[in-house]
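A short worksheet on the structure shown next.
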Amino acid sequence: MFALIFLIVKEALVGLAIGYIAQLFFAAIEMAGSFADVQVGFSMSQLFDPSIGINASFLGKVYYWISLAVFFLTDIHHRVIETLVGSFQQLPVQSLLFNPVDGILHLFTLVFGTAFRLAAPLMIVALLTEILLGVLSRTVPQINVLILSMPLKVLIVLIFLLAFFPTLYRNIADLMPQMLQYMNEFIYSFSQR
């Protein structure tokens with residue numbers, strides 16, 4: 001009976017870990033939108049997300065929905081299911097080995113690096129807009145830059161987001177197969193112990 005309970009808990013934890021790896025990639029993409037939100041000024045108007053129970057950023061949700069669309073359009077969801085089914089062959093239900101996986105630090109580093117790389121173009125555009133407005137306020141002091149800055153920065157960033165959309169799609173599509181790679185490495189690391 002104890003062995004059966006242990007096997008049930010082990011399978012549940014392996015499934016949760018595989019799902020957690022997938023969620024980390026979506027969290028990285030949403031984090032990229034949050035980074036860009038802070039630079040643009042959208043962080044003042046965050047939305048309540050009832051699915052996770054916290055306030056979520058506007059661009060973070062836009063990035064998340066884009067990544068979810070890429071996830072389904074590129075058929076990664078089928079490959080995730082194949083990976084989950086393959087985990088029963090790599091890690092049989094009867095095996096009692098259950099050790100923590102090395103490399104979670106590398107995965108978190110990848111998450112933050114990915115978030116920063118995806119957010120960098122919008123952050124750079126927002127920074128250049130700030131610099132341009134600073135130069136404008138010094139050369140023409142009659143212009144009220146404080147009133148002009150928020151709508152202008154939002155307009156420029158949204159226009160650039162639309163222009164950046166194909167590149168963003170490609171970057172997210174290139175990121176999704178890494179999710180499968182890390183899931184397979186996770187399963188393989190268990191089967192080798």
message: Among the residues in region 63-74, are any surrounded by 13 or more Cβ atoms within 10 Å (Cβ to Cβ) and either among the acidic types (Asp, Glu) or at pLDDT below 80 (or both)?
response: no
query: So which residues in region 28-44 are surrounded by 18 or more Cβ atoms within 10 Å (Cβ to Cβ) and either under 16 Å from residue 108 (Cα atoms) or more than 17 Å from the chain's Cα centre (by Cα) (or both), if there are any at all?
result: 28, 29, 30, 31, 32, 39, 40, 42
- request: Scan region 135-159 residue by residue and report those that are in a helix (DSSP H, G or I) and more than 16 Å from residue 41 (Cα to Cα).
  value: 135, 136, 137, 138, 139
query: Under 9 Å by Cβ, and 6 or more places apart or on different chains, what pairs join a residue from region 150-175 that is free of Cβ contacts under 8 Å to residues at least 40 places away in the same chain and more than 26 Å from residue 110 (Cα to Cα) with one that is small (Gly, Ala, Ser) and part of a helix (DSSP H, G or I)?
result: 156/126
message: Return the pair list, or none, for Cβ contacts closer than 7 Å from residues in region 76-89 that are free of Cβ contacts under 8 Å to residues at least 12 places away in the same chain to residues that are surrounded by 12 or more Cβ atoms within 10 Å (Cβ to Cβ), at least 6 apart or on different chains.
response: 77/71
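The values are calculated or read from the model by the stated rules, or taken from the named source; none is laboratory data. Every value quoted in this text rests on a predicted model; they were computed, and no experiment measured them. Here Cβ is always computed from backbone atoms with ideal geometry, including for glycine, and neighbour counts include all displayed protein chains.
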